[in-house]
Amino acid sequence: MLLAGEIGEAPAAPCCPESGDERKSMEEKSDINVAASVGSEQVSEGTDDDLPSYVSAFIEKEVGNDLKSLKKLDKLIEQMTESKVKLEEEVLTVSSEIPKRIQSALKNAEESKQSLNQFLEQETHLFSSISSHLLTAQPWMDDLGAMISQIEEIERHLAYLKWISQIEELSDFEEILTQLHWPFITPPQSQAVGVSRPASSPELYGNLETLFCQLLKLQTSDELLTEPEQLPEKYCLPASPAIILPIQVMLTPLQKRFRYHFRGNRQTNVISKPEWYLAQVLMWIGNHTQFLDEKIQPILDKAGSAVNARLEFSRGLMMLVLEKLASDIPCLLYDDNLFCHLVDEVLLFERELHSAHGYPGTFASCMHILSEETCFQRWLTVERKFALQKMDSMLSSEVAWVSQYKDITDVDEMKVPDCAETFMTLLLVITDRYKNLPMASRKLQFLELQKDLVDDFRIRLTQVMKEETRAPLGFRYCAILNAVNYILVVLADWADNVFFLQLQQAALEVLAESNTLSKLQLGQLASMESSVFDDMVSLLERLKHDMLARQVDHAFREVKDAAKLYKKERWLSLPSQSEQAVMSLSSSACPFLLTLRDRLLQLEQQLCFSLFKMFWQMLVEKLDVYLYQEVILANHFNEGGAAQLQFDMTRNLFPLFSHYCKRPENYFKHVKEACVVLNLNVGSALLLKDVLQSASGQPPATAALNEVGIYKLAQRDVEILLNLRTNWPNTGR
């Protein structure tokens with residue numbers, strides 16, 4: 001800058017007048033401007049120590065040693081002056097604009113900062129929204145990914161099936177079946193005479209075997225091991241492999257026929273006639289059984305396959321039935337008659353399928369369709385409704401209390417009234433209807449229905465019985481008792497049946513899980529000490545014993561009334577046996593013995609053997625105590641009276657029961673032993689009396705009693721009986 005000032009103060013040199021050198025001057029001016037500009041920049045950037053050397057170098061460069069170059073000084077000075085002015089203007093301009101620019105820059109920076117903050121806030125919100133959206137969309141993405149995978153898998157399957165289809169088109173397998181007249185629409189035995197099948201051709205069978213084996217090897221992949229129309233999971237069908245490919249091909253024409261006839265608006269598709277399609281399937285199975293067993297099964301065996309051709313064929317046809325049932329049942333679910341008819345026909349179909357065609361219970365069957373919750377509950381309701389209607393009918397029948405075997409002695413041991421036998425037959429039929437259900441839980445629900453019906457029948461019997469309580473020995477009362485006993489016998493027999501034992505085990509597992517029973521009850525169930533019918537049996541047993549007790553009490557009252565005179569017999573003044581030519585029955589004993597005999601004969605005819613046995617044994621027990629307490633202990637006996645009592649008992653009362661047991665006297669222990677004591681000869685009686693007095697409560701006393709035949713009566717009772725004797729030596733006669 002010092003140089004510039006010094007140069008600026010030097011006198012200006014005159015301009016060059018030569019116009020010819022104008023172009024050259026302009027170039028030199030340009031060089032000077034560049035040099036000045038560079039020089040000024042270098043001076044401004046240099047330090048004070050470099051300035052002199054810089055100026056020296058600049059002059060050396062511009063002037064050098066050539067004195068003629070001094071004429072450039074004027075131009076140089078002029079250029080330097082212009083440069084100085086320009087630089088000063090620039091400095092002034094810059095010094096005035098810098099604050100504005102700085103302010104503008106600061107303002108822009110502030111605005112940029114605000115914009116940046118807004119962008120950051122937007123970025124945060126957008127990040128949160130994107131994260132939330134991704135989280136929400138993740139399940140969709142997963143599902144979409146799974147669907148895409150399935151679609152890709154299905155596309156591969158479709159491609160595979162197309163190849164199979166093309167291979168099948170190239171095969172002559174269906175043509176072979178056509179030559180064999182497959183399928184067999186009519187039974188083999190019904191074919192017209194003279195119609196010959198080319199099935200006898202070895203070449204044809206050879207081709208059949210070759211193509212069958214090829215199709216057997218060309219099996220579908222695991223993912224395709226399902227039926228063409230898979231039923232919903234609610235039917236709980238057992239898992240099973242797909243029908244093998246050659247059998248599927250063989251089933252195709254029958255499937256087409258079935259769907260043609262039993263779907264849509266065909267006249268053969270009648271919802272009220274399930275027996276039509278069920279019978280058709282059974283006929284198809286029967287028509288093809290021989291061919292499958294004799295021609296197809298050997299091929300499978302030779303190929304090392306474990307498949308049973310006949311069962312595989314039946315399984316394929318069964319799927320048609322299941323599809324048909326699944327579609328028809330919702331349409332008739334609330335029409336009791338149609339639904340009940342459908343169930344009946346299905347059960348008959350199942351029975352025929354399993355018994356005649358060996359269809360395994362582990363395969364999918366119609367029972368799986370009937371086990372579906374809605375259908376099953378409806379089935380239970382209908383079964384209960386019709387069972388109750390049947391019970392009303394059987395109890396109101398004119399022959400309800402008459403045994404249908406009354407005229408056949410060998411058969412009528414139980415003397416079962418018609419209503420009871422019909423009812424138990426009804427329960428047995430219900431058992432047959434549900435025993436093939438696939439799930440134990442469904443069987444247990446039917447078992448509960450049966451138990452409810454038994455309890456309902458018990459209540460009805462009780463109501464009828466109460467109407468007959470005034471005549472407990474009458475025919476109807478006895479018939480009711482026989483009915484109760486018969487139900488008990490049948491239930492006891494069922495309790496040992498394998499089917500009900502299995503249900504007991506299933507019930508045990510359910511109760512163990514629910515913790516509704518004590519450990520003792522669970523132990524009894526597990527050890528088979530009880531049965532599924534225990535509750536019902538207990539109630540019926542109580543009813544039976546109450547009715548028997550009422551009969552026994554009634555008969556006993558009649559016998560007691562008839563024995564009043566016998567109680568008042570003059571036992572003290574009767575003649576001895578030696579004073580009578582022949583012993584005869586006491587006249588006062590005739591009424592009660594006749595009454596007893598009549599009642600025994602009446603009840604023997606009206607009650608079954610086991611009930612009558614209980615009746616007479618209960619009656620004998622009461623009669624033994626009555627005679628002992630009211631006749632014997634209430635009187636005194638001379639020798640003739642004791643002999644007469646013994647004669648009446650041993651020769652008349654006891655023999656009434658000899659038809660029912662070998663030693664009836666063993667049921668009259670009190671009376672029998674009392675007669676023994678009263679009829680001992682005087683010496684033996686005195687000796688026994690002395691022994692009892694001297695050895696009271698000691699073994700000798702018991703031995704003495706046993707010696708004379710006393711086992712039931714206590715020593716005190718024997719002493720009382722001895723005191724009832726009047727024929728002692730010191731009493732006088």
Which whole-number percent is the relative contact order of region 362-437 (Cα, under 8 Å, 6+ apart)?
28 percent
Taking the Cα centre of the chain as the origin and placing charges on Cβ (Lys, Arg +1; Asp, Glu -1), which of 611, 395, 300 is farthest toward the positive end of the dipole?
611
Alpha-carbon centroid distance for the pair region 453-493 / region 261-321, whole angstrom
50 Å
Whole-Hz couplings from phi, Karplus 6.51/-1.76/1.60, listed for region 361-375; x for Gly and Pro:
x, 7, 7, 4, 9, 5, 5, 5, 5, 5, 7, 4, 3, 4, 5
Among (1) 204; (2) 532; (3) 172, which is the computed volume of the Cα convex hull per residue in Å³?
(2)
With 28 Å as the limit, write out which pairs from 385/443; 622/662; 390/415; 466/567; 560/712; 75/100 have Cα-Cα distances beyond it, or answer none.
466/567; 75/100
Calculate what fraction, in whole %, of the accessible area of the chain sits on carbon and sulfur atoms when a 1.4 Å probe is rolled over the protein chains.
54 percent
Quote the charge dipole size of the chain about the Cα centre in Debye, to the nearest 20; the model charges only the Cβ of Lys and Arg (+1) and of Asp and Glu (-1).
7060 debye
Over the chain, what is the relative contact order in whole percent, taking alpha-carbon pairs under 8 Å and six or more residues apart?
7 percent
Which order do peptides 121-127, 250-256 fall in by mean Cβ count within 10 Å, highest first?
250-256, 121-127
Quick check for you: with a 1.4 Å probe and neighbouring chains kept, what is the accessible area per residue of the chain, in Å²?
57 Å²
Relative to the Cα centre, what is the charge dipole magnitude of region 537-663, using +1 at the beta carbon of each Lys and Arg, -1 at the beta carbon of each Asp and Glu, and rounding to the nearest 20 debye?
220 debye
Taking the mean number of other Cβ atoms within 10 Å as a proxy for protection, how do you rank 233-245, 131-143 from highest to lowest?
233-245, 131-143
When the helices in the chain are scored as -39500 (n - 2.57) per DSSP H run of 4 or longer and the sum is shared across all residues, what 222 nm value do you end up with, to the nearest 500 deg cm²/dmol?
-22500 deg cm²/dmol
On a 0 to 90 degree scale, rounded to 10, what angle separates helix 309-332 from the longest Cα axis of the chain?
90 degrees
For region 87-103, Karplus-derived ³J(HN,Hα) couplings (6.51, -1.76, 1.60; θ = phi - 60°; whole Hz; x for glycine and proline) come out as 5, 5, 4, 5, 5, 5, 4, 5, 5, 7, 8, 4, x, 5, 5, 4, 4
Of 339, 685, 183, which is farthest towards the positive pole of the chain's charge dipole, taken about the Cα centre with +1 and -1 on the beta-carbons of Lys, Arg and Asp, Glu respectively?
685
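The values are calculated or read from the model by the stated rules, or taken from the named source; none is laboratory data. Treat the numbers as computed from the prediction; the structure is a model and nothing was measured. Cβ atoms come from the backbone with ideal geometry, glycine included; neighbour counts cover every protein chain shown. What goes into the accessible areas is simple: the full protein's heavy atoms, side chains included, and nothing from ligands, DNA or RNA. Shrake-Rupley method; radii C 1.70, N 1.55, O 1.52, S 1.80 Å.
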